[in-house]
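Only one structure is covered here, and it is reproduced in the block below.
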């Protein structure tokens, strides 16, 4: 996998993980272009996109888009499942996750992602093992964060 | 390194010491923890981008102040870091915080460290200079007793690590492979995977450990190791064939549900693992029947098991189908796979439909009937509202294009092209259309008669020109420059049929004149260049319009402001060509007047040339003959007519002429400046790259400096020569050759026409059978289908894109261009290699220079007597290589032992039976006695023959000799040895290698000389031998031989002085410090070791420094400078080849470790 982006329906970037070295300028350009292209697509359309020489695989969960870039010979369907498994992990960790959880605790979302995907490859596919690793590192974490009141959607992703 | 870190950190404001003692007040802490929330809310409340910018700038300013304030605690710093990440995500620059992220990772407690590492991995990229400061922290954390810290360090290493610092952490990470915790082992494997990706030669020595990881009892660790194997097998599948059994066994166990339930995903066992294994098997089984046979069973089972109607099973199915089609085919499996593809294509789910189309595109060449089966679905997809589906369909159609459906397909592609705006898509599609158009034009020319009678859809001249016009208009200036070049060459070289040539050219000229008449239309520059060249060359074909009219049009174009000066140069060149044909020359004179004062020097030059030629009509006519663009003109390149002038000048005391490179050399030796250019370039500077435009060519003649009247003729001659080079013989296939190409093209014609008819029949039959149920719309679709899928009916259909593509010589030419153009792009190598392995024309620019230097070096060696005792051992330089082929024998206990899984053992490395060795050894070639050679090693055997091989390290090449011993009492006939073309090697057969007969119980030798095309640490050379026993069937036996870089390294005997010169001329260098063991501490002994093991030539020893030189055959020199510093050896490599130093460094390190 080359990179993963999470962005909202409004086009706000929520998470970005780059597995290939790119300059900030390129990253911004790619993000802008992709957010635009993906948001312009209709709901019944294919989850895959050809973009430059890459394949983009995206999926929408509630108000949030998950978008991965893979190489042409990679398997698109399993990439969709990678996204899904990541959402499942988030869901399990936060307890029915919504976009807000990711906004306010995005560093946690990164930690979970790093336990699941490492260097662009699937590191661990067992849900139990990923969460165990996160909990281990979380042991010393301060008490649970109370959800902040908000005007954003509380829609559950799953 | 460590001192740099220390220094940098102490140079920072001394926050940390104060931090500990001060500690923020609790109130501040509380406010910090909700700061991110506040920021997020603040941003969401804003309505305009401008307000957001203001708010974030303010926030960043606050953060900047906070992070550099001495009172900031690490806890606060952690909070700041999170906000910084947030700001960066929104697209604002937070680079002032990078250094603090590194500090946080270094000094924080666990939680803070974690955020610090995260920030580092998000902020920095691999080559960021600050990353070096992280190395010490990583090393420390890797040694920590706290598992969480080790995990963090490994996580960050697997994502981002400076390539040159890998040696600092490599041993620590290798240790972690034995760690008791599986999570640590897993992350260590992934860290090594990262290293493999960024610096493969640094982890070569731990391949054995990868095997251990593959056999790890934990599924996660094993799965992680597959990432490495996938990459390695992709690089060189033949080296890992022995693991096929293991992979198959693992897959069997996974498919059979033997893994713990944890790894299930929606009740499918470990889908990611399955897919990775399937991909690996696909690579291993490619073109290899024996290996493929091992996997048929498990593939069959995979296809069978994947039944659940869930996305993930489809993912596995898709991969499985891909594997089935990549490996050596088995009809039963292919049938099942084809059924699966049907499931995809017919699925109502759009994602699956897309993948179905994708699968079809890659299987279509093997099985064109599949496209027929699904033709209606394909037609529907062609008008699908989702452009992605449309595009994939076009891709599919592109692959099934044949002479009959081409016009329809190209039309569909052009329609799509008109709608798309993305540059990448345009470039890609335009290239495909141009390729198809050119290819089928050639076919059409071969089949003129047939096509005219059979099919009205067939492409013709007009269609071709119109299609190319569309290509040039849309593709314009973004398309690949090959497209206009190829197009013009095609026009210029023409075909056998002169009337066809005539018509094609005439049509082009007419269509361009029409296009130029249209007012207010802007054409891309490239298109205009094409037009002007064609008009310049072929306007003479016109009957109605006179050259004057054409010139007038060109002049009008020339005066247009939107025309680039490069295009103007093309236009002037065209006018120049037309001038001798024209009677009146008003416009030409006007043009001359206008452009002899042009500010653009190249245009001015062209105008002056035209002016002088114009004054001498006779000369002009002989210089610019009509329709001779493909013929060479004889030019007195030695400038002999200037001899008198030169002699006169010399007698008057002028300095004799020195060639460019000589001047350069003298300058270099005088100034002792670093020359950053590769050495060989100085010779080619006169071979200017004027291929693209006449402007460039004129500049070239500027350089030659012949602007005097006497030189004028020559200048013009040269210029025309240049233009000829564009489209003429040089650099391309000579005309003669293309003609023979046409001849060989002829035979398939009748065949194809028959098939065409067949195709038509099958389609029409289908049509009839469905007529009853058709609505009108459907009828239209059917019609489209019949035009699209015509000619796909039978197996024997000539699919022009497939392997049977010997028909079009256009295609061959194209790939040849590719090959010569870029040796580094190794994609498509397979296709190119197979058809051109003989003609690979790699030119080594350094060749000449190096030979020179070497000669001189040799002479000077005799003169100089270097006061080194080592010089005596000069003769030792060519000591035999000690080949260490490590047989990785795996004593793997059990995989998944705790999981009740079947235990498997990777196959033992086959112990070669060496019974025949003695008899074979006696038959070593005579030549071996003169050169150093390796021991005889058996590579393969069966009941009749035994094959051994050995290497002879000759001075100028590597000879690999395969010795075939006929064990049987029978005579073997027509023995033939074939070596598979390898990516990195160039192989030439020695003349005495044809062996019609091998007598009973005798030995025969096959000898090949091998050259390495680009540096490579290790590679495999595989091939097979075929022979016949007593006129029966022929037997085939496969074998492979391992070649290492060292096989191609030879000492480079040069003097210290030459060493100095060469050193300055090389741009690629690599430095490395190596720790020496005590036994090596003496410089001389290390030198000796390097000299013996690596065949380096010791040039000189000065104090504690040594100079060594070697060359990679045929002519890549590499120089090594090293200095001893206590027990540290500083190695410094330089070479003209960018990758060679890395590989040599690796070999040196190996030697140092070994001795």
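Every read-out reported here was derived from the displayed coordinates using simple, explicitly stated rules and does not represent laboratory data. As the structure is a computational prediction, the values presented were derived from the model and not from experiment. Virtual Cβ from ideal backbone geometry, glycine too; neighbours counted across all protein chains shown.
Quick notes
- Peptide packing: for A:9-16, B:73-80, the average count of neighbouring Cβ atoms within 10 Å per residue gives the ranking B:73-80, A:9-16, highest mean first.
- Shape of region B:212-353, Cα gyration tensor, a/c cut at 1.5: oblate
- For peptide B:266-277, the mean count of partner chain Cβ atoms within 10 Å of a residue's Cβ comes to 3.
- A prolate overall shape is assigned to region B:1049-1153, the ratio a/c of its alpha-carbon gyration tensor axes (a ≥ b ≥ c) being 1.5 or greater and a/b exceeding b/c.
- Start at zero, step by 5 Å, and the Cα-Cα distances of region A:3-155 spread as 2, 8, 19, 21, 21, 15, 9, 4, 1, 0 percent across the bins.
- Gyration tensor (alpha-carbon) shape descriptor, region B:937-1045, a/c threshold 1.5: prolate
- Angle in degrees between helix A:24-40 and the longest Cα principal axis of chain A, rounded to the nearest 10: 80 degrees
- Where labels lie 7 Å past Cα in the beta-carbon direction, separation of residue B:519 and residue B:55 in nm: 5.6 nm
- Between A:133, A:62, A:109, the residue with the greatest mean-square fluctuation in the GNM of chain A (Cα pairs under 10 Å linked by springs) is A:133.
- Shielding of peptide A:20-30 by partners, expressed as the average count of other chain Cβ atoms within 10 Å per residue Cβ, is 2.
- Average beta-carbon neighbours from other chains, 10 Å sphere, peptide A:42-49: 6
- Highest GNM mean-square fluctuation among A:68, A:98, A:46, for chain A modelled with Cα contacts below 10 Å: A:46.
- The angle between the Cα long axis of helix A:127-138 and the main principal axis of chain A comes to about 60°, on a 0 to 90 degree scale.
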